[in-house]
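Written out below as structure tokens is the structure these notes cover.
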Amino acid sequence: MRSLFSIVLLMVLGSALAYKSYSGYQVLKSAPLTAASMPYINRLSKHFDFWGTPGVGRPATVMVSPEQAPLVVAAFNRMRISHEVLIPDLGPEVERERLEREALEVAHSMKPREAVYDRYMSCQEIHHYMRDLSAAYPEIATGIIFANGTEGHKVKGIKISNGNVGQKALWFDCAIHAREWITPPVCLRIIDEVIADPALRDLADWYILPVANPDGYNYSITTDRFWRKTRSPNPDPDCPGTDPNRNFDFLWDAGNPTDYCSEVYPGTNAFSEPEVSGIGNFILDIADSLVLYVAIHSYGEQILYPYGHTVEPVPNVDQLIAAGTASADAIAAVAGTTYTVENSASGLYFTYGASDDFAYGRGAVQYAYTYELSGGGSAGFDPPASLIQPVVDEVWPGIKALVDYVLAN
Ligand SMILES: [Zn+2]
């Protein structure tokens, strides 16, 4: 009995000790940015962890360690950007969230496998759910392994199709940035809807990838809540990982190739990350039939369209805006949440090697978007589990409206 108690105690202590403490970390928030400040913000964002998408007219939100805080404050002061401390200490927030999540996991451990929307599912649970779907509906649901992450987690998605010949195809991926936990539930909701409704499958073939960065997602759950990148090793052992959404083979930019610690480190070369090359090459393989590419991220309540490196309008910009607006209207109709429809670079925050630009620029997919969902919790990445259902309930009609527009035009 005593030894069992010791083992349980060790497990509890072990899980707490293994989890990265954010004690002393702060979140700073600036005043809305001006165009004049954006070149500085673009540079700063290569070295510090900016949350959301900074841009003209929007505040910048940046998470800083105790060592980074004076550097960022000094930089803001030099640029005359006024700012405030949004969260004075992230430590207790992260710890409270971890305890809440673990309690919900225990409460659910006896339930059968299904997609649930009242807590965050692990990668393993999501993969089991997809495996069960392909077993239960073999005629319409097919699991697809796109790659293995460097830590061995499978990049696993699902194709849902009635098998109609010559049909158009749609693509959705979630959680390519590990910490954006609110995104996989949206992919799971799309799966649930398409499995349940044969009419949706007669519209198109659906490719859905709920966890595009499973190594990172798993690590964000077990070890470090705010992990964003992949888990591939770098020469600096203290700073593993590459930003997978800067690693696609389109206008890939080496940026700061030796700054491995950057949250937007783009990797040694385009497609250096197995997750990214697996996804990217698959998209090129189905590009002839693919009419819609959607990457789901958080946060910002934005529907972003290409390109991320320039504000020059793309040829079908009017259609991209019209389809995005139809989607935003459908989202707003549910509970009034306002998503803005914008060019990725309209806030003068520039990106290279992102997945939507790759699908549009390399794959010639006519409609390509990045959705930034609602935030929550510690001012951003950790909406409490109670927000999953409302977010999913408003975003699904937005996805449906987007699909309807794209297939009709
Ligand atoms: Zn993201």
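Work out the length of the dipole vector of the stretch 158-264 about its Cα centre, built from +1 on the beta-carbon of each Lys and Arg and -1 on the beta-carbon of each Asp and Glu, and round it to the nearest 20 debye.
Using only the charged Cβ atoms, the result is roughly 220 debye.
Between the alpha-carbon centres of the stretch 287-322 and the stretch 72-121 there is a gap of 28 Å. Run lengths n ≥ 4 of DSSP H only: what is the helix-derived mean residue ellipticity at 222 nm for the chain, with -39500 (n - 2.57) per run over all residues, to the nearest 500? The helix-only estimate for the chain comes to -12000 deg cm²/dmol at 222 nm. Put simply, when 81-90, 22-31 are sorted by average Cβ atoms within 10 angstrom per residue, most first, you get 22-31, 81-90. Between ARG43 and ARG96, full extension at 0.36 nm per residue minus the direct alpha carbon distance yields a gain of 15.8 nm. Peptides 179-188, 341-350, 326-335, ordered by how many other C-beta atoms sit within 10 Å of their residues on average, highest first, read 179-188, 341-350, 326-335. The magnitude of the dipole of the chain, with charges of +1 and -1 set on the Cβ of Lys/Arg and Asp/Glu and taken from the Cα centre, is near 560 debye. If you plug the beta carbon distance of ALA199 and LYS20 into 1/(1 + (r/R0)^6) with R0 = 45 Å, you get a FRET efficiency near 0.45. Amide H contacts under 5 Å for TYR25: LEU90, GLY91, restricted to partners 5 or more places along the chain or on a different chain, H placed in the peptide plane at 1.01 Å from N. Sparse packing (at most 13 other Cβ atoms within 10 Å of the Cβ) combined with a DSSP loop state is found for the following trypsin sites (Lys or Arg not before Pro) in the stretch 52-103: ARG80. Backbone geometry of the stretch 301-308 corresponds, through the Karplus equation with coefficients 6.51, -1.76 and 1.60 at θ = phi - 60°, to 3J(HN,Hα) couplings of 6, 9, 10, 9, 10, x, 9, x Hz, x marking Gly and Pro. Between the stretch 163-213 and the stretch 219-233, the C-alpha centres lie 24 angstrom from each other.
Below 8 Å, C-alpha to C-alpha, sequence gap of six or more: please give me the relative contact order for the chain in percent.
The normalised contact order for the chain reaches 17 percent.
Overall, the stretch 18-88 carries a charge dipole of about 180 debye about its Cα centre when +1 sits on the Cβ of Lys and Arg and -1 on the Cβ of Asp and Glu, all other atoms neutral.
For the pair LYS168 and GLU139, label points projected 7 Å from Cα toward Cβ lie 2.6 nm apart. Evaluating 6.51 cos²θ - 1.76 cosθ + 1.60 at θ = phi - 60° for every residue in the stretch 39-44, the Karplus couplings come out as x, 5, 5, 4, 5, 4 Hz, glycine and proline recorded as x. Taking a point 7 angstrom from the Cα of VAL85 along the C-beta vector, which residues in the stretch 19-46 have backbone N less than 13 Å away? Hits in the stretch 19-46 for VAL85 at 13 Å: 24-29. Stokes-Einstein diffusion for the chain, with the hydrodynamic radius set to the Kirkwood value over Cα pairs and evaluated at 25 °C in a medium of 0.890 mPa s, equals 113 µm²/s.
Using the charge dipole of the stretch 104-408 (Lys, Arg: +1 at Cβ; Asp, Glu: -1 at Cβ; taken about the Cα centre), state which of ASN213, ALA322, GLY347 has its Cα farthest towards the positive end. Towards the positive end, the residue furthest out is ASN213. Along the stretch 367-377 the Karplus relation, 6.51 cos²θ - 1.76 cosθ + 1.60 evaluated at θ = phi - 60°, assigns HN-Hα couplings of 10, 9, 9, 10, 8, 10, 6, 5, x, x, x Hz to successive residues, with x for each Gly and Pro. Think of the chain as having a plus end and a minus end, set by charges on the Cβ of Lys, Arg, Asp and Glu; of PRO237, ALA175, HIS108, PRO237 sits farthest toward the positive end of this dipole.
Ranked highest first by average number of other Cβ atoms within 10 Å, how do 171-178, 304-311 line up?
On the way: 171-178: 27.8, 304-311: 21.9.
Taking the mean over residues of other Cβ atoms within 10 Å, the ranking is 171-178, 304-311.
No lab work stands behind these numbers, since they all come straight from the coordinates. Everything numeric here is computed off the predicted structure, so don't read it as measured data. Neighbour counts run over all protein chains shown; Cβ positions are idealised from the backbone, glycine included.
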